[in-house]
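Notes follow once the structure below has been shown.
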Amino acid sequence: QVQLVESGGGLVQAGGSLRLSCAASGLTFSSYAMGWFRQAPGKEREFVAIITRSGVGYYYADSVKGRFAISRDNAKNTLFLQMNSLKPEDTAVYYCAADLVYRTDPSKYRYWGQGTQVTVSS
């Protein structure tokens, strides 16, 4: 059974930092592209960042480029999202997801975690 478990969310002031983690089990982690997505209240789930199987390639939404960094440790089956210079508009539930194809469309991702709340106060 595939499990993706996010952690590291919380409440932070604007300008602060958080590091999210996503622990994967039940799948061959290094065979999957991974992504971070987020959903704010009343909004659609949106792409934040994706990373290739090897971790060499990655891509960011314009809204987070230069502030967020995605990475992975295939030896530890873990995905990360370092979030710096956080803004109130970054407030959302953050999800990690896995798929065999490297893409930004969340509707195509096969496996999902349950999410972790990130709240940025002004």
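The values are calculated or read from the model by the stated rules, or taken from the named source; none is laboratory data. Since we're looking at a predicted model, the values are computed, not measured. No Cβ is skipped: glycine too gets one built from the backbone with ideal geometry, and neighbour counts run over all protein chains shown. Heads up: the accessible areas ignore ligands, DNA and RNA and are worked out on the full protein's heavy atoms, side chains in. Shrake-Rupley method; radii C 1.70, N 1.55, O 1.52, S 1.80 Å.
Anything in region 80-122 that is in a loop (DSSP other than H, G, I, E, B), open to solvent by 30 Å² or more (accessible area, probe 1.4 Å) and closer than 22 Å to Gly26 by Cβ? List them, or say none.
Passing the criteria: Leu100, Val101, Tyr102, Arg103, Arg110, Gln114.
Considering Gly16, Gly42, which residue is outside any strand (DSSP E or B), open to solvent by less than 50 Å² (accessible area, probe 1.4 Å) and out of contact with any Phe, Trp or Tyr (no Cβ under 7 Å at 6 or more places or on another chain)?
So the residue among Gly16, Gly42 that is outside any strand (DSSP E or B), open to solvent by less than 50 Å² (accessible area, probe 1.4 Å) and out of contact with any Phe, Trp or Tyr (no Cβ under 7 Å at 6 or more places or on another chain) is Gly16.
Can you name the number of the only condition in (1) modelled with pLDDT under 95; (2) in contact with a helix residue (DSSP H, G or I) (Cβ under 8 Å, 6 or more places away or on another chain) that Pro41 fails?
The failed condition is (2).
Sort out which residues of region 19-30 are open to solvent by 20 Å² or more (accessible area, probe 1.4 Å), in contact (Cβ under 8 Å) with a residue 12 or more places away in the chain and under 11 Å from Asn77 (Cα atoms), and write them in order of number.
Across region 19-30, the qualifying residues are Ser21, Ala23, Ser25, Gly26, Leu27, Ser30.
Among the residues of region 55-76, write down those that are open to solvent by less than 50 Å² (accessible area, probe 1.4 Å), among the β-branched types (Val, Ile, Thr) and closer than 27 Å to Ser25 by Cα.
Ile70
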